[in-house]
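**Student:** Below is the structure I would like to discuss, written out as structure tokens.
The values are calculated or read from the model by the stated rules, or taken from the named source; none is laboratory data. These numbers come from a predicted model, not from an experiment. Backbone-built Cβ (ideal geometry, glycine too); neighbour counts: all protein chains shown. With ligands, DNA and RNA removed, areas are computed over all heavy atoms of the protein, side chains included. Shrake-Rupley method; radii C 1.70, N 1.55, O 1.52, S 1.80 Å.
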Amino acid sequence: MAEAAVSFVTETLLRSLENEVRLQMRLKSEVANISQDLQTIKAYLREADIQAERPNTSNTLKDWVKNVREIAHDIEDCIDDYRYEVARRRVEQRDLAGRARRALGFVTGIVSTHGISDKIQEIRERISRQDGMRKSLGLTGGDEAGSGAGGQDCCRGCCGGGSKGGGSNRWSWHEQKQVAAISGKDRLVGFTEQKRDLASWLTRGRNNCTVIPVVGAGGLGKTTLVSHVYGLKEVENAFARRAWVVVSQSYDPRHILKILIKELRNQKILDQSDTDLWHLNEEVQTCLKNNKCLIVFDDVWDTNFWSSIKSILPSQNRTKTRIIITTRSQEVAKHCKDQAHPAEVKTFPLKRLEYQEAKKLFNQIVFDGDECPKDLQILSHEIIQKCEGMPLAITTIASLLSNANTDDTSRWQNVSKNLSRILAAETNPEVRAFNAVVSESYHNLPYHLKLCFLYLGMFPEDYRINCKRLIRLWIAEGFVQEGKTETLEKVGMNYLQELINRNLVQAAVTDFDGKVRSCRVHDMMRGFILKKFGEMNFCHVLDNSGSALSFSDSPRRLSIQQDFHKSGLLDVASDPTLVRSCILLNTKGISPSLLPNFKHMRTVDFDDAPLNFLPDDIGDLYLL
């Protein structure tokens with residue numbers, strides 16, 4: 001996850017330092033140079049981050065990503081060393097003794113830049129070496145997309161899969177979908193009512209073109225539900241022609257149109273010769289004209305997708321053509337509605353499984369369809385509730401427990417109490433598949449939203465986070481970019497709303513006017529975040545879980561959720577100067593004697609700490 005770290009340094013820290021009036025000209029030049037060096041290497045980082053998460057990725061590539069991230073952190077340390085010294089001297093000059101020392105010539109207002117210049121030069125040499133390694137790894141810039149080929153029954157075609165600009169940087173389509181909400185012999189568990197409703201929307205209604213965005217979080221079962229409805233005999237008989245296209249995060253409209261032509265005409269071979277967009281549109285329109293057609297565009301991320309593809313529709317299509325779009329983003333569905341003409345748009349929000357449906361799916365995987373043993377019923381109930389009706393979460397957790405000894409309740413108790421930590425440490429195929437689904441949503445975020453999303457993992461499981469508190473913490477961290485006309489608080493609220501719209505964060509408490517007051521993350525999402533904490537040195541969580549999950553000994557943040565001894569904290573943060581923020585929840589706080597060690601601290605949140613006063617030494621945290 002080097003992209004987020006490098007982007008934060010280039011877009012926030014270095015830019016603010018370049019704009020600092022007091023900065024000496026030599027240092028300004030050094031800062032501008034290193035910023036340019038990082039911008040050059042940044043173009044390759046998203047691709048590298050994605051590749052580094054794949055199974056069987058070479059250690060060389062993983063090391064490269066890690067080295068670049070460490071460079072970004074070292075630049076941040078270098079900048080904060082300079083800022084700390086500037087702030088310390090300003091404080092010294094303000095007090096009476098400082099004025100006296102300055103009068104005697106012992107204190108100057110100028111901080112020497114020789115040390116920081118030498119460090120920047122050394123870092124630039126490291127960047128140059130990493131750029132050379134990047135070339136040897138064959139990394140290319142941009143955000144190339146891909147999607148794997150789908151199965152014959154539920155994926156009739158795909159965009160990518162070896163074509164130009166596709167195929168290399170995503171998990172395969174099957175790998176993402178392998179833990180869909182199916183059990184038994186291709187039988188859908190749950191969604192009975194929604195399956196019936198969607199089939200009705202397809203086969204009934206007016207003789208016009210209707211677009212149906214099916215919207216829901218990753219792992220909710222959108223593709224599974226649609227593929228089952230797509231395969232129903234009544235649906236198959238209602239349409240003369242059908243096609244299924246996997247779109248994914250980046251797509252080539254020409255390739256999508258070629259797939260449509262191939263499938264709608266029931267051809268076996270994809271024609272690669274015709275590349276004229278206008279002519280391809282004409283070909284698709286000919287297929288649709290006077291024919292009842294069903295088209296599924298699966299896994300759409302881009303809000304502008306419908307605008308770029310709706311030209312395929314004939315202006316006078318009086319047949320009952322139906323187009324389904326599966327998406328995780330509410331914004332995609334909204335954009336379809338805003339740009340509806342010449343089609344009608346009916347949004348189909350996918351609901352979570354009811355408890356009884358979730359229980360049935362869970363029992364089929366863990367107990368082969370039998371009833372849960374009496375001594376496990378309470379724990380089973382707690383675990384099913386934690387899954388919150390998400391089929392992928394249910395199948396993932398059920399797979400972890402399917403081989404557990406039912407006579408040993410300790411495994412079940414551990415899963416119930418420490419679900420997110422267990423998922424962060426687990427490496428079985430089902431958990432890996434779940435993480436792949438969340439990873440796609442994560443990689444689709446701009447860097448500042450990645451940081452905001454990860455920050456939510458600093459709070460405990462099932463914790464309702466006050467939105468104002470969260471946004472102020474984001475602002476203090478420097479994650480929120482200043483808007484042209486909006487306040488930082490308003491921009492931060494827009495960030496949070498976007499994460500909610502992308503189904504990564506849940507609104508916990510909402511006002512009568514729709515304004516979100518508190519939010520939370522699903523325990524499964526938190527498991528993904530904790531995994532990233534360890535990979536990125538983002539944060540170390542101290543809690544009472546007793547988990548053996550291994551974190552780095554050089555975290556940038558601390559979330560302290562238990563009382564601890566002084567030596568215990570220093571064991572976790574072997575170099576306290578690396579820590580930038582700390583949240584204390586239901587603890588007595590940090591020992592005053594420890595505070596000066598955390599000299600680069602930007603944020604300390606005591607909101608949930610039972611404190612009667614602030615320690616005096618907090619005044620020595622000049623960057624707070």
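**Student:** Does region 370-381 contain at least one residue that is out of contact with any Gly (no Cβ under 7 Å at 6 or more places or on another chain), touching a residue at least 40 places away in the same chain (Cβ under 8 Å) and open to solvent by 10 Å² or more (accessible area, probe 1.4 Å)? Spell out how you get there, then give the answer.
**Tutor:** Step one: filter region 370-381 for residues out of contact with any Gly (no Cβ under 7 Å at 6 or more places or on another chain), giving 370-381.
Checking the rest, the ones that are also touching a residue at least 40 places away in the same chain (Cβ under 8 Å) come to none.
Scanning region 370-381, I find no residue that is out of contact with any Gly (no Cβ under 7 Å at 6 or more places or on another chain), touching a residue at least 40 places away in the same chain (Cβ under 8 Å) and open to solvent by 10 Å² or more (accessible area, probe 1.4 Å), so the answer is no.
**Student:** Could we say that residue 222 is within 30 Å of residue 46 (Cα to Cα) and modelled with pLDDT of 90 or more here? Reasoning before the result, please.
**Tutor:** On the way: within 30 Å of residue 46 (Cα to Cα): yes; modelled with pLDDT of 90 or more: yes.
Here the answer is yes, as residue 222 does meet what is asked.
**Student:** When you scan region 316-391 for helices (runs of 4 or more DSSP H) that lie fully inside it, which ones turn up with 1 or more residues that are over 26 Å from residue 197 (Cα atoms)? Spell out the reasoning first.
**Tutor:** Numbers: elements: 330-338, 355-366, 377-387.
Where helices (runs of 4 or more DSSP H) fall fully within region 316-391 and carry at least 1 residues being over 26 Å from residue 197 (Cα atoms), they are 355-366, 377-387.
**Student:** Related question: Here are the criteria: (1) modelled with pLDDT of 80 or more; (2) under 20 Å from residue 115 (Cα atoms). Tell me which single one residue 63 does not satisfy.
**Tutor:** (2)
**Student:** Taking the conditions exactly as written (at pLDDT 85 or above, on the phi < 0 side of the Ramachandran plot and small (Gly, Ala, Ser)), does residue 117 satisfy them or not? Quick ask: steps written out before the conclusion?
**Tutor:** Working: at pLDDT 85 or above: no; on the phi < 0 side of the Ramachandran plot: yes; small (Gly, Ala, Ser): yes.
In short, no.
**Student:** Right, something else. Go through region 305-316 and report how many residues are open to solvent by less than 30 Å² (accessible area, probe 1.4 Å) and of a type outside the set (Val, Ile, Thr). Lay out the reasoning, then the answer.
**Tutor:** From region 305-316, those open to solvent by less than 30 Å² (accessible area, probe 1.4 Å) are 305-306, 309, 312-314; that's our starting set.
From the residues that got through so far, the ones that are of a type outside the set (Val, Ile, Thr) too are 305-306, 313-314.
Of the residues in that region, 4 qualify.
**Student:** Within region 403-420, can one find any residue that is surrounded by fewer than 22 Cβ atoms within 10 Å (Cβ to Cβ) and within 16 Å of the chain's Cα centre (by Cα)?
**Tutor:** Within region 403-420, not a single residue is surrounded by fewer than 22 Cβ atoms within 10 Å (Cβ to Cβ) and within 16 Å of the chain's Cα centre (by Cα).
**Student:** Can you pull out the residues in region 494-538 that are over 26 Å from residue 219 (Cα atoms) and of a type outside the set (D, E, K, R)?
**Tutor:** Within region 494-538, 512, 537 qualify.
**Student:** Report, ordered by the first and then the second residue, all pairs with beta carbons closer than 7 Å, sequence separation of six or more or different chains, a first member in region 44-59 that is assigned to a helix (DSSP H, G or I), and a second member that is open to solvent by 40 Å² or more (accessible area, probe 1.4 Å).
**Tutor:** Listed pairs, sorted by first residue: 46/143; 47/140; 47/144; 52/62.
**Student:** Any residue at all in region 495-507 that's over 23 Å from residue 543 (Cα atoms), open to solvent by less than 20 Å² (accessible area, probe 1.4 Å) and outside any helix (DSSP H, G or I)?
**Tutor:** Checked region 495-507: at least one residue is over 23 Å from residue 543 (Cα atoms), open to solvent by less than 20 Å² (accessible area, probe 1.4 Å) and outside any helix (DSSP H, G or I).
**Student:** Now, a different point. Report the residue count in region 566-624 for those that are at pLDDT below 85, within 15 Å of residue 556 (Cα to Cα), open to solvent by 30 Å² or more (accessible area, probe 1.4 Å) and hydrophobic (A, V, I, L, M, F, W, C).
**Tutor:** Qualifying residue count for the region: 1.
**Student:** Can you name the condition, by its number, that residue 476 falls short on among (1) open to solvent by 20 Å² or more (accessible area, probe 1.4 Å); (2) in contact with a helix residue (DSSP H, G or I) (Cβ under 9 Å, 6 or more places away or on another chain); (3) in a helix (DSSP H, G or I)?
**Tutor:** The single condition residue 476 does not satisfy is (2).
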